[in-house]
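FYI, it's all coordinate maths here, none of it is from the lab. Note that the coordinates shown come from a computational prediction; the quantities given were computed from them, not determined experimentally. Cβ placement follows ideal geometry from the backbone for every residue including glycine, while neighbour counts extend to all protein chains displayed.
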Amino acid sequence: MADPPAARIPPPALLARGAPAAVLAALPGARAVGGAVRDLLAARPVQDVDVAAPLPPDAVAECLRAAGLKVFETGLSHGTVTAVLEREPVEVTSLRRDVATDGRHAEVEWTTDWREDAARRDFTINAMSLSAKGELWDYFGGREDLAAGRVRFVGEAATRLAEDYLRALRFFRFQARYGRGEPDPVAIAAIRAAVPGLARLSPERVWMELKRLLAAPDPRAALALMAATGVLPAVLPEGADLARLDRLVAADAPAAPLLRIAALVPADAAERLAARLRLSGEERALLLDMARQPRPEPGASDDDLRRLLAARDAASVLDRAWLAEAAMGGEGWPGLRQRIAAEPRPVFPLQGRDALAAGVAPGPSMGRLLAATRDWWLAGGCLADHAACLGHLRQLAAAGPSG
């Protein structure tokens, strides 16, 4: 459908070069959509450019290949392909209308009606589209909402949520990043009523959205709002200590989702959370390590810090210091972090070849002697050098098993 643009802005440089320019040139009537348009208007860095086109997916792929772009059918059933030019990807989606939705998935069919496609999007600030010439289409007042710091559903909030209950979590993510002042009361009422529907979401989708929210510069107000609406206990039944998160963010800790979830959730619930939300193996290991390992305090001795650093790198020890500060509050934490950052990581000075040179036969006994020597080195604050450790190992070897 040919409809006039709502406004014009200077032609965006982002759409005039590289893969986005090539994609828009290859697809008649195509426009940039979603987050790229929102962040361009908000003068924020644009992470990715997504494009929509009034063509069915097979025609989109054909036009892109004819223009010399590589095409990967990354989501063809939903009308999405990924075009790549010189290693720069652009996701391209055919205009769609929903045929049926169940709160998790949607059956779609293709359309040429831009307003109809925009009407199925979640929030007004995400429903705008933009041509390479700077022509802006804004069917639902997204530009005004963006300027006002207002996160508002497109159309009926309850309908948008019933189409996909993940939009309840997305609301809080966008509220954390773009919202200012009081949240939209219509959205809040609809989200509160939609809380039971969150149980239908897959754990992987919930965790992905939580991670994005927790990566916001300051998610505290959004999380408090989640708690007030009943969303937070629905997605974190293990419990969430907002006071600990408040201290963590106030201390200017890194905006790392795993660090923040470790502050929110009780340490003894970390394993349950990792299993329930199906964290990756690496995420699970990091979360459990933060939950279980000793945490340094401002009064820790230099020996204690060296022992901690001998077991893990400085970044991991700093994470534990952030979590200890979040749990305990009080004074002295900046000084502790400075001490951790300034302390070189101790490395146990012996290896198997040192034991061999000392006359220890290979086998389990060598491992036991090295482990015992390392325990002695740790007990001494990791200060003993190579010669001292080797001397201790020789003493243990000479004393025999009973020694």
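Structure above, values below:
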item	result
Principal-axis tilt of helix 203-214 within the chain, Cα atoms, nearest 10 degrees	80 degrees
Selected from Glu297, Glu271, Glu282 as most flexible by GNM, with the chain as the system and alpha-carbon contacts under 10 Å	Glu282
Rounded to 10°, Cα long-axis angle of helix 364-379 versus longest principal axis of the chain	80 degrees
Cα extents of the stretch 352-399 along the three principal axes, largest first (Å)	28, 19, 17
Estimated FRET transfer efficiency (Glu144, Ala67; beta-carbon r; R0 30 Å; 0.05)	0.25
Using alpha-carbon coordinates, inclination of helix 314-328 to the longest axis of the chain, degrees	80 degrees
Inter-label distance, nm, simple model (7 Å from Cα along the C-beta direction), Ala251/Ala387	4.1 nm
Extension reserve of the Leu242-Ala361 stretch, reckoned as 0.36 nm per residue once the Cα distance is removed	37.3 nm
Cα centroid of the stretch 4-64 to Cα centroid of the stretch 193-238, whole Å	31 Å
Most mobile of Leu95, Leu169, Leu378 in a GNM of the chain (Cα contacts under 10 Å)	Leu378
Per-residue [θ]222 nm for the chain (sum of -39500 (n - 2.57) over DSSP H runs n ≥ 4, rounded to 500)	-14500 deg cm²/dmol
Chain lengthening between Ser202 and Ala42 when straightened (0.36 nm per residue, less Cα-Cα)	54.4 nm
Ranked by how many other beta carbons lie within 10 Å on average, peptides 154-165, 366-377 from highest	154-165, 366-377
Phe348 paired with Ala379, simple spin-label distance in nm, labels 7 Å along Cα-to-beta-carbon	1.5 nm
For the stretch 1-148, diffusion coefficient by Stokes-Einstein and Kirkwood Rh (Cα), 25 °C, 0.890 mPa s, µm²/s	160 µm²/s
Under the Debye formula (equal points on every Cα, no solvent term), log10 I(q)/I(0) of the chain at q = 0.06, 0.13 Å⁻¹	-0.37, -1.09
Potential extension, Gln338-Ala285 segment - 0.36 nm per residue separation minus Cα distance	16.5 nm
Pairwise label distance in nanometres, Glu116 with Ala310, each label 7 Å out on the Cα-Cβ vector	7.0 nm
Cα gyration tensor shape for the stretch 237-346, rounded if a/c is under 1.5, else prolate or oblate	oblate
